[in-house]
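**Q** Sharing a structure here in structure tokens format.
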Amino acid sequence: MPFTVPVLPEGVDPAWLPPGAFRAVGSRRTLIQGSGPLVETVHGEAAWACARFGGGVDRAAGSGTSAYDLVFRVEQGYRDEEFACGRSGGTTVVTASGGRGLLYGLFHVVRLGEDAFHGERPAEVHRPAVALRMLDHWDNVAVHPVMGQVERGYAGGSLFWRDGRARGESERVRAYARLLAACGINAVAVNNVNVHETEAHLLTDRIGDVAALAEQFRAYGIRTHLSVTFAAPVVLGGPATADPLDAGVRGWWAEATARVYESIPDFGGYVVKADSEGQPGPFAYGRSHADGANMLAAALEPYGGTVHWRAFVYDHRQDWRDRSTDRARAAYDHFAPLDGEFAANAVLQVKHGPMDFQVREPVSPVIGAMPRTRLAVEFQATQEYTGQQRHVCWLGPMWSEVLRFRPDAETAVGALADGLVAVSNAGDDPYWTGHPLAQANLYTFGRLAWDPGAGPGDVLREWIGLTHPDAPERLVDGLHAVLDGSWRTYEKYTAPLGVGFMVQPGHHYGPSVDGYEYSPWGTYHFADRDGVGVDRSAATGTGYAAQYAKVWAEVYESPDTCPDELALFFHHLPYGHVLRGGSTLIQHIYDTRFEGVAEVEAAREVWGSLAGLMEPARHARVAELYEEQLRSAREWRDQVNSYFFRKSGVPDARGRRIY
Ligand code: GCW
């Protein structure tokens, strides 16, 4: 059957693939040489574009390739996913060893637009720097009583599941796959890492639901993965134990996995959250996390599958009175000693920071500490702690900082990682991501995963160009003005200096300075009348700073050398402490809150001036969200400033209003 481009359901936004983005390709004469399912996808895409813009597509060259403006050709000698693109004699040629590379080549030409068809350019080879570029969905099949359909989801319901069933909306899933492929994503996990009862069955009797999704993703070169519960044998009626060294348990997993591959021959593998926030794991049997991961790796190995084993393991029932336990240390303490013990097809999936996706954290020390372990670094595109897709917070600069960080002063995180993973921010919302501008986060993640060294600003420019083809300069500038600095703005009015949290417990939206201060979650700031912050130095604190290689351990150890943006992550500082930037801590607390709010006010003004330059509904949705962002930013400012004024008794040097 010839491949057809998915039709977007009525009212669903095309995001970064509006028809206009295909004008340059669609108005050309294109030749496609090669065969295979993904070559069919490339053909379908080109035919779709040409039907709109008057070009044409051939499969076999009648009169040689010179009669064509654009040629896609399968040619041996390239690695999987790699492609070359060049132009000579009036023909732009994309070559790859198979459809996968050609598909990425097609989207490359789409991004280039008219530029792809002018002048001469030597063939340039493009390849992803990171092999696995994955999105994890925290989607539940059945609505969870507390977490709902999508855990930490801010974009409506799940694209895959509703009220306990598969939605079966294959066109929309394929349209999603298409968007993901266009930014370079090649793997997706279709259910929450917290695997509840209904979801446990996806592995066995409901694997057909997963296979139906995999079929749609496959058309765009994306492999499907599944989150499984470590207790699956017990929960699904197998052996009464989940002990990873038990022969019966190993046999059960081998069998279950064999059946998964019968349904989904290119299945990617399992994602596992074990011994974390109440999920079952190997500790219950006195086994290590390497034992647990390796047992699943062994089951997947015959089929080329991978187990993604999460390193998010910590004590979530901590006593706040206990000052010796430091949650930030947990992942390193649990996993660093296991370096070298994981199977070749086990990937340890590490959150980018040691805590939990705060607006500012240091890079997790695990990332530099396990040279003999395959690592994936996990980001959070869903904006749990960064405004929940009601606030504009473009995370490109933050992710880029993490990816460029050099744990050993030599190799960057982006080069150390075998995989980059983001928790998806997409749902069944008409704009996919709730906030229309949050689409930029999803796009940016994919492009940075393809090339972690890319400048985030360049990626944003691409996103703007694709999303708003033919945008006047005023619109392009306006979008940059509201997005470029939005992460730092958000940081300013919420929790700068690495202090973290201070959010409302449970749902995590909006300020509550002491919301987690006396809780069991291990996320404290220790503010008192004299100062605030966590002493994580080796000399006088929890010793966390010493988990880094010497170059960084030394930098973080002292407030004199620790970068200001992490000052309170590493140190408990008196309010009068003069930061490296020159202000006292208390004045910095006040100034950043006032500045952050002023920046949101300015962004809202800019947005207002863009009315008429885009589809009115899109403009209106963002304008409305800016009202909420501003309300919330003021709430953050006033609560945080009042709190610290009351604690410290130090007035604002500039005499602004504090309550
Ligand atoms: O950030 C926390 C979230 C949980 C999430 C957990 C995790 C899926 O609050 O909702 O659970 O992280 O990453 O496992």
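**Q** Roughly how many nanometres apart are two label points built 7 Å out from the Cα toward the Cβ at Asp315 and Thr65?
**A** 6.4
**Q** Using alpha carbons only, how many degrees (0 to 90, rounded to 10) separate the axis of helix 247-263 from the longest principal axis of the chain?
**A** Tilt relative to the chain: about 40 degrees.
**Q** Convert 4 °C to kelvin, take the viscosity as 1.567 mPa s, use the Kirkwood radius over C-alpha pairs of the stretch 603-650 as Rh, and evaluate the Stokes-Einstein diffusion coefficient in µm²/s, rounded to a whole number.
**A** It diffuses with D of about 103 µm²/s by this estimate.
**Q** In whole percent, what relative contact order does the stretch 117-264 give with Cα contacts below 8 Å and a gap of six or more residues?
**A** Across the stretch 117-264, relative contact order equals 21 percent.
**Q** Taking the Cα centroid of the stretch 511-561 and of the stretch 11-67, what is the distance between the two, rounded to the nearest whole Å?
**A** The two parts, judged by their Cα centres, are 55 Å apart.
**Q** Using a Förster radius of 35 Å, what is the FRET efficiency between Val578 and Asp322 based on their Cβ-Cβ separation? Nearest 0.05, please.
**A** That gives a FRET efficiency of 0.65.
**Q** At q = 0.05, 0.10, 0.11 Å⁻¹, work out log10 I(q)/I(0) for the chain with the Debye formula, treating every Cα as an identical point scatterer and leaving solvent out; two decimals please.
**A** Log10 I(q)/I(0), no solvent term: -0.23, -0.95, -1.15.
**Q** When only alpha-carbon atoms count, how far does the stretch 232-346 stretch along each of its three principal axes, as whole angstroms with the largest first?
**A** 52, 29, 21
**Q** Just to check I understand the Karplus step: with θ = phi - 60° and J = 6.51 cos²θ - 1.76 cosθ + 1.60, what whole-Hz values come out for the stretch 370-380, glycine and proline as x?
**A** In residue order, the calculated couplings are 10, x, 9, 10, 6, 10, 10, 9, 9, 10, 10 Hz.
**Q** Residue separation times 0.36 nm, minus the C-alpha to C-alpha distance between Glu197 and Val143: what's the value?
**A** On the way: separation 54, 0.36 × 54 = 19.44 nm, distance 1.13 nm.
Difference between extended and current length: 18.3 nm.
**Q** Quick check for the chain: number of Lys pairs with alpha-carbon distance under 23 Å, counting only pairs 8 or more apart or on different chains?
**A** 4
**Q** Please pull out the direction-averaged projected area of the stretch 1-141, using the convex hull of its alpha-carbon atoms, in nm² to one decimal place.
**A** 10.4
**Q** At 1.567 mPa s and 4 °C, plugging the Kirkwood radius over alpha-carbon pairs of the stretch 514-556 into Stokes-Einstein gives what diffusion coefficient in µm²/s? Let's see the in-between values first.
**A** Numbers: Rh = 11.7 Å.
Once the numbers are plugged in, D ends up at 110 µm²/s.
**Q** Can you order the peptides 456-468, 127-139 by their average number of other Cβ atoms within 10 Å per residue, highest first?
**A** Averaged packing, sorted descending, gives the order 127-139, 456-468.
**Q** While we're here: So what is the relative contact order of the stretch 263-417, in percent, for Cα pairs below 8 Å that sit 6 or more residues apart?
**A** For the stretch 263-417, the relative contact order is 18 percent.
**Q** For the full complex of protein chains and a 1.4 angstrom probe, list Asp638, Asp408 by accessible area with the highest value first.
**A** Per-residue accessible area, sorted high to low, gives Asp408, Asp638.
**Q** Next up: Just the Kirkwood number for the stretch 361-479, please: inverse of mean 1/r across all distinct Cα pairs, in Å, one decimal.
**A** 15.3
**Q** Over its Cα atoms, what ratio of radius of gyration to 2.2 N^0.38 Å does the stretch 267-426 give?
**A** For the stretch 267-426, the normalised Cα radius of gyration is 1.05.
**Q** Note the angle between two axes, namely the Cα long axis of helix 456-467 and the longest principal axis of the Cα atoms of the chain, as a number of degrees from 0 to 90, rounded to the nearest 10.
**A** Helix 456-467 sits roughly 50 degrees off the main axis of the chain.
**Q** Let me ask another. How many nm is it between the label spots at Asp514 and Ala602, if each spot is 7 Å from the Cα in line with the beta carbon?
**A** In this crude label model, Asp514 to Ala602 measures out at 3.5 nm.
**Q** Under a 1.4 angstrom probe, counting protein chains only, how are Val350, Val234 ranked by accessible area, largest first? Kindly include the intermediate steps, with their values, before the conclusion.
**A** Working: Val350 5, Val234 65 Å².
Correct descending sequence by accessible area is Val234, Val350.
**Q** In percent, what relative contact order does the chain have, based on Cα pairs under 8 Å that are 6 or more apart in sequence?
**A** The normalised contact order for the chain reaches 11 percent.
**Q** Would you be so kind as to identify which of Trp252, Gly278, Ala131 lies farthest towards the positive end of the dipole of the chain, taking Lys and Arg as +1 and Asp and Glu as -1 on Cβ and the Cα centre as origin?
**A** Ala131
**Q** Compute the angle between helix 289-300 and the longest alpha-carbon principal axis of the chain, please, reported from 0 to 90 degrees and rounded to the nearest 10.
**A** Once rounded, one gets 10 degrees.
**Q** Okay, moving on. Taking every DSSP beta bridge that has both residues in the stretch 63-122, what percent is antiparallel when rounded to the nearest 5? Before the final figure, lay out each step's value.
**A** Details: 6 of 11 bridges.
Of all bridge pairs located within the stretch 63-122, approximately 55 percent are antiparallel.
**Q** Students often check this: by mean Cβ neighbours within 10 Å, which of 322-334, 18-30 ranks highest, and how do the rest follow?
**A** Ranked from most to least packed, the peptides come out as 18-30, 322-334.
**Q** A further question on this structure: Using only helices, what value at 222 nm comes out for the chain when you add -39,500 (n - 2.57) per DSSP H run of length 4 or more and divide by the total residues, to the nearest 500 deg cm²/dmol? Provide the component values of the computation, followed by the final result.
**A** Numbers: 21 runs with 233 residues, N = 659.
Calculated at 222 nm, the ellipticity per residue is -10500 deg cm²/dmol.
**Q** What size of dipole, in debye to the nearest 20, comes out for the chain about its Cα centre when the only charges are +1 on Lys and Arg C-beta atoms and -1 on Asp and Glu C-beta atoms?
**A** The dipole magnitude comes to about 640 debye.
**Q** Now for a different question. So for the stretch 540-659, what percent of the C-alpha to C-alpha distances run longer than 26 Å?
**A** 43
**Q** Once the stretch 74-135 is represented by equal point scatterers at the alpha-carbon sites, with solvent omitted, what log10 I(q)/I(0) does the Debye formula produce at q = 0.11, 0.18, 0.19, 0.28 Å⁻¹?
**A** Summing over Cα pairs of the stretch 74-135 leads to -0.24, -0.61, -0.68, -1.20.
**Q** Arrange the peptides 496-503, 71-78 so that the one whose residues have, on average, the most other Cβ atoms within 10 Å appears first.
**A** 496-503, 71-78
**Q** Also: Can you give the FRET efficiency for Ala211 and Asp484, using 1/(1 + (r/R0)^6), R0 = 56 Å, r = Cβ-Cβ distance, to the nearest 0.05? Show your work: numbers first, answer last.
**A** On the way: r = 42 Å, r/R0 = 0.75.
After rounding to 0.05, the efficiency reads 0.85.
**Q** Same structure, new question: Sorted from largest down, give the three principal axis spans of the alpha carbons of the stretch 254-295, whole angstrom values.
**A** Between the extreme Cα coordinates on each principal axis of the stretch 254-295 lie 33, 19, 13 Å.
**Q** Can you put Thr592, Thr198 in order of accessible area, largest first, using a 1.4 Å probe? Write down the numbers at each step before the final one.
**A** Working: Thr592 10, Thr198 45 Å².
Accessible-area ranking of Thr592, Thr198, largest first: Thr198, Thr592.
**Q** Here's a follow-up. Could you give the distance between the Cα centres of the stretch 292-337 and the stretch 619-656, to the whole Å?
**A** Between the Cα centres of the stretch 292-337 and the stretch 619-656 lies a distance of 37 Å.
**Q** What is the ratio of the Cα radius of gyration of the stretch 18-69 to 2.2 N^0.38 Å, with N the residue count, to two decimals?
**A** 1.10
The values are calculated or read from the model by the stated rules, or taken from the named source; none is laboratory data. Note that this is a predicted model, so its numbers are computed, not measured. Here Cβ is always computed from backbone atoms with ideal geometry, including for glycine, and neighbour counts include all displayed protein chains. Note: areas computed on protein heavy atoms with side chains; ligands, DNA, RNA excluded. Shrake-Rupley method; radii C 1.70, N 1.55, O 1.52, S 1.80 Å.
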